[in-house]
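Notes follow the structure.
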Amino acid sequence: MASKNNLLDIKLLFVEDESIVRNSMLTLLKMYVKDIEFAINGKEGYDKFLTYKPDIIITDLKMPIMGGIEMSKKIREIDKSVPIIVTSAFSDVELLQEALLVGVTNYVTKPCDGDKLEYILSEVSEFVIKNKKLNIHLKSNLEQLENKFKEAVMISKTFSIKKLLIDLITELNEKYPKVNYHFLEKTLDYMVAS
């Protein structure tokens with residue numbers, strides 16, 4: 001069992017319609033995970049997914065209003081990567097195959113074995129945490145590239161303006177040699193210095 005200091009730093013959404021199972025699983029999950037939300041059916045689970053943005057979802061398969069497979073399909077339409085772990089007291093092969101086709105990450109039979117659940121959660125959480133770190137790193141690199149691009153655009157614009165001013169001064173000097181274009185030359189000098 002994880003101590004309070006070793007709880008997994010993830011957001012978990014648990015979807016279960018049966019209150020006795022839900023309460024006992026929530027008690028078990030709280031031994032491993034810091035931040036947990038729950039829903040009582042797939043529709044509520046989907047709605048909470050949209051607002052809560054969990055790192056991992058654990059869902060029952062058979063529920064009223066909307067089952068776990070239908071909820072998972074809807075989630076996969078907008079998020080292909082969030083791990084979904086299904087739980088079921090049924091060992092229906094067709095149902096499990098359908099769940100796999102939807103893209104569930106793992107399957108746990110009810111009643112859930114605490115050790116197995118802890119193992120699955122730690123494995124999936126490790127993957128989630130690595131992905132979060134990678135995304136932070138990629139976002140930082142992307143921001144650096146964007147800043148360099150903006151800087152390059154500014155230099156390019158400045159270079160283009162300098163060239164235009166040089167061409168303009170040259171043309172004006174050729175056409176009107178007696179006119180003083182000192183102000184344009186000063187602007188050009190300032191741009192060259194910066």
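Taking into account only those residues within segment 97-138 that are part of a helix (DSSP H, G or I) and of a type in the set (Ser, Thr, Tyr), which is surrounded by the most Cβ atoms within 10 Å (Cβ to Cβ)? Applying the filter and picking the extreme gives SER125. Taken together, the residues in segment 5-61 that are open to solvent by 40 Å² or more (accessible area, probe 1.4 Å), in a loop (DSSP other than H, G, I, E, B) and either β-branched (Val, Ile, Thr) or in contact (Cβ under 8 Å) with a residue 12 or more places away in the chain (or both) amount to 5.
Evaluated against (1) part of a loop (DSSP other than H, G, I, E, B); (2) surrounded by fewer than 17 Cβ atoms within 10 Å (Cβ to Cβ), GLU94 falls short on exactly one condition, (1). If the condition is being polar (S, T, N, Q), open to solvent by less than 30 Å² (accessible area, probe 1.4 Å) and without any contact (Cβ under 8 Å) to a residue 40 or more places away in the chain, then segment 62-91 contributes SER72, SER88.
The values are calculated or read from the model by the stated rules, or taken from the named source; none is laboratory data. Quantities reported herein were computed from a predicted structural model and do not represent experimental measurements. Note that each Cβ is placed from the backbone with ideal geometry, even for glycine, and that neighbours are counted across all protein chains shown. For the accessible areas, the whole protein counts, side chains as well, though only heavy atoms, and no ligand, DNA or RNA atoms are used. Shrake-Rupley method; radii C 1.70, N 1.55, O 1.52, S 1.80 Å.
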